[in-house]
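**Student:** Please find one structure pasted underneath; my questions will follow.
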Amino acid sequence: QVQLVESGGGLVQAGGSLRLSCAASERTFRNYAMGWFRQAPGKEREFVAAINWSRTNTDYADSVKGRFTISRDNAENTVYLQMTSLKPEDTAVYYCAAQLLLMHRSAASWNYWGQGTQVTVSS
């Protein structure tokens, strides 16, 4: 039902910045919480950040707090993840996710997922 498409990944030097974008299907975007998760090789998919529909509440993993910022443009049906001060340990495939109304830190609780975009941070 909900279709999500990520973009903006790439290769950056440690200390650099990237902005990821996630475009959602227009008719199903309203009233959905949006989130970002990441998965490195051999690791579980982990929570990165989430934002509610009204943009009044955000949540961040401790590992990215103060460095990453999640935002959304409801008129354009797009969610963003601004990443700064990137570290090699941030290297992973980043996934956009959507869930009706509720925000969760558990990946299993999210209903809809994008295809992922690779972020690689070199030292």
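The values are calculated or read from the model by the stated rules, or taken from the named source; none is laboratory data. Nothing here was measured: the structure is a model prediction, and the numbers come from that model. Quick reminder, even Gly has a Cβ in these numbers, built from the backbone with ideal geometry, and neighbours come from all protein chains shown. For accessibility, only protein heavy atoms count, side chains too; no ligands or nucleic acids. Shrake-Rupley method; radii C 1.70, N 1.55, O 1.52, S 1.80 Å.
**Student:** What net charge is computed for the residues neighbouring Val12, neighbours being all others with C-beta under 14 Å from the C-beta of Val12, Lys and Arg scored +1, Asp and Glu -1?
**Tutor:** +1
**Student:** What is the sum of charges around Met103, taking Lys and Arg as +1, Asp and Glu as -1, for the other residues whose C-beta is under 13 Å from the C-beta of Met103?
**Tutor:** Net charge in that neighbourhood comes out at +2.
**Student:** In whole Hz, what ³J(HN,Hα) sequence does region 73-79 give by Karplus (6.51, -1.76, 1.60; θ = phi - 60°), x for Gly and Pro?
**Tutor:** Using θ = phi - 60°, the values come out as 10, 5, 5, 9, 6, 9, 10 Hz.
**Student:** Let me ask something else. For n ≥ 4 DSSP H runs only, could you compute -39500 (n - 2.57) per run for the chain, divide by its residues and tell me the 222 nm figure to the nearest 500?
**Tutor:** That comes out to -500 deg cm²/dmol.
**Student:** Using a 1.4 angstrom probe on heavy atoms only, work out the carbon and sulfur share of the accessible area of the chain in %.
**Tutor:** C and S fraction of accessible area: 45 percent.
**Student:** State, in angstrom, two size descriptors of region 53-123 derived from its alpha carbons: Rg to one decimal place and Dmax to the nearest whole number.
**Tutor:** Spelled out, the Cα radius of gyration and Dmax of region 53-123 are 13.0, 39 Å.
**Student:** Averaged per residue, what accessible area in Å² does the chain show with a 1.4 Å probe, protein chains only?
**Tutor:** Value returned for the chain: 52 Å² of accessible area per residue.
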